[in-house]
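Student: Below you will find the structure I want to go over with you.
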Amino acid sequence: MKGYLAAICLMVNTVSFCQEWHTDFDAAKNKAAAEKKNILLLFTGSDWCERCTELERKVWQSPEFKAEAEKSWILLRAEFPEKKGIPDPVDVNKMNMILTERYNRNGFFPYIVILNKYGRVIGRTGYEEFDTAKEYLTLFKNIK
């Protein structure tokens, strides 16, 4: 019985710190409108971009970010992987390319765009020399 209760507590604790990164823009906008939240759009190359990996570890996976994201943003990720150093073929109909054409034409990585629930840009930022997730959270909250 104790093992069963411990497993339930672990599952509840894990679920409470999960975050949902959308990859579909329309789904993110619909959820943002329903929940009256802004969208935090991340352009990342998580398997080749050192700064993207650093942000993943330092910010996106931090308990502080997860808690604030749950309250403040719908998360949207535009992922650009390179498998063994070879970029994916360009498909202009893929969602990450559509998002790039609209919000990141210069191809910056990592690149964060805060959007309102309609998909209009509120502000943009990239990698900063911050030491903590709290510093990034302050930056994101102050983007106007």
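Student: Could you give every pair whose Cβ atoms fall below 8 Å, whose first residue belongs to the stretch 109-132 and is within 19 Å of Ser72 (Cα to Cα) and among the aliphatic types (A, V, I, L, M), and whose second residue is outside any strand (DSSP E or B) and at pLDDT below 95, counting only separations of at least 6 or pairs across chains?
Tutor: Listed pairs, sorted by first residue: Ile114/Ile143; Ile122/Ile143; Ile122/Lys144.
Student: Has the stretch 126-133 got any residue that is farther than 18 Å from Lys58 by Cβ, over 14 Å from the mean Cα position of the chain (by Cα) and either of a type in the set (Asp, Glu) or loosely packed, with under 15 Cβ neighbours inside 10 Å (or both)?
Tutor: Checking the stretch 126-133: not a single residue is farther than 18 Å from Lys58 by Cβ, over 14 Å from the mean Cα position of the chain (by Cα) and either of a type in the set (Asp, Glu) or loosely packed, with under 15 Cβ neighbours inside 10 Å (or both).
Student: Against the condition in contact with a Gly (Cβ under 9 Å, 6 or more places away or on another chain), aromatic (Phe, Trp, Tyr) and either open to solvent by less than 90 Å² (accessible area, probe 1.4 Å) or more than 20 Å from Val121 (Cα to Cα) (or both), how does Phe65 come out, does it pass? Give the steps one after another, and end with the answer.
Tutor: Numbers: in contact with a Gly (Cβ under 9 Å, 6 or more places away or on another chain): no; aromatic (Phe, Trp, Tyr): yes; either open to solvent by less than 90 Å² (accessible area, probe 1.4 Å) or more than 20 Å from Val121 (Cα to Cα) (or both): yes.
Spelling it out, it is not the case that Phe65 is in contact with a Gly (Cβ under 9 Å, 6 or more places away or on another chain), aromatic (Phe, Trp, Tyr) and either open to solvent by less than 90 Å² (accessible area, probe 1.4 Å) or more than 20 Å from Val121 (Cα to Cα) (or both).
Student: List every residue pair whose Cβ atoms lie under 7 Å apart, where the two residues are 6 or more positions apart in sequence or sit on different chains, the first residue falls within the stretch 59-70 and is part of a helix (DSSP H, G or I), and the second residue, located anywhere, is aromatic (Phe, Trp, Tyr) and surrounded by fewer than 19 Cβ atoms within 10 Å (Cβ to Cβ).
Tutor: As it stands, the answer is Pro63/Phe17; Lys66/Phe17, since those pairs meet every condition given.
Student: Filter the stretch 20-50 down to the residues that are within 13 Å of Leu99 (Cβ to Cβ) and either charged (D, E, K, R) or open to solvent by 60 Å² or more (accessible area, probe 1.4 Å) (or both), then identify the one that is nearest to the chain's Cα centre (by Cα).
Tutor: Result: Thr23.
Student: Residue by residue through the stretch 82-91, note down the ones that are part of a loop (DSSP other than H, G, I, E, B) and open to solvent by 60 Å² or more (accessible area, probe 1.4 Å).
Tutor: Of all residues in the stretch 82-91, those part of a loop (DSSP other than H, G, I, E, B) come to 84-85, 88-91.
Lys84, Pro89, Val90, Asp91 - these are the residues of the stretch 82-91 that are part of a loop (DSSP other than H, G, I, E, B) and open to solvent by 60 Å² or more (accessible area, probe 1.4 Å).
Student: Taking the condition among the aliphatic types (A, V, I, L, M) and at pLDDT below 95, does Ile114 pass?
Tutor: On the way: among the aliphatic types (A, V, I, L, M): yes; at pLDDT below 95: no.
When the stated conditions are applied, Ile114 does not pass them.
Student: Could you tell me which residue of the stretch 92-125 is most open to solvent (accessible area, probe 1.4 Å), considering only residues that are closer than 16 Å to Lys37 by Cβ and in a loop (DSSP other than H, G, I, E, B)?
Tutor: From the stretch 92-125, those closer than 16 Å to Lys37 by Cβ are 112-123; that's our starting set.
Add one more test, that the residue is in a loop (DSSP other than H, G, I, E, B), and what stays is 116-120.
On the way: Asn116: 36, Lys117: 64, Tyr118: 131, Gly119: 2, Arg120: 148 Å².
Checking each candidate, the answer is Arg120.
Student: Please go through the stretch 38-54 and pick out each residue that is out of contact with any Pro (no Cβ under 6 Å at 6 or more places or on another chain) and outside any helix (DSSP H, G or I). Break it down into steps so the answer makes sense when it comes.
Tutor: From the stretch 38-54, those out of contact with any Pro (no Cβ under 6 Å at 6 or more places or on another chain) are 38-43, 45-46, 48-50, 53-54; that's our starting set.
Within the stretch 38-54, Asn38, Ile39, Leu40, Leu41, Leu42, Phe43, Gly45, Ser46, Trp48, Cys49 qualify.
The values are calculated or read from the model by the stated rules, or taken from the named source; none is laboratory data. All values derive from a computational prediction rather than experimental measurement. Here the Cβ is made from the backbone with ideal geometry for all residues, glycine too, and neighbour counts use every protein chain on show. Areas reflect the complete protein model, heavy atoms only, side chains present, ligands, DNA and RNA absent. Shrake-Rupley method; radii C 1.70, N 1.55, O 1.52, S 1.80 Å.
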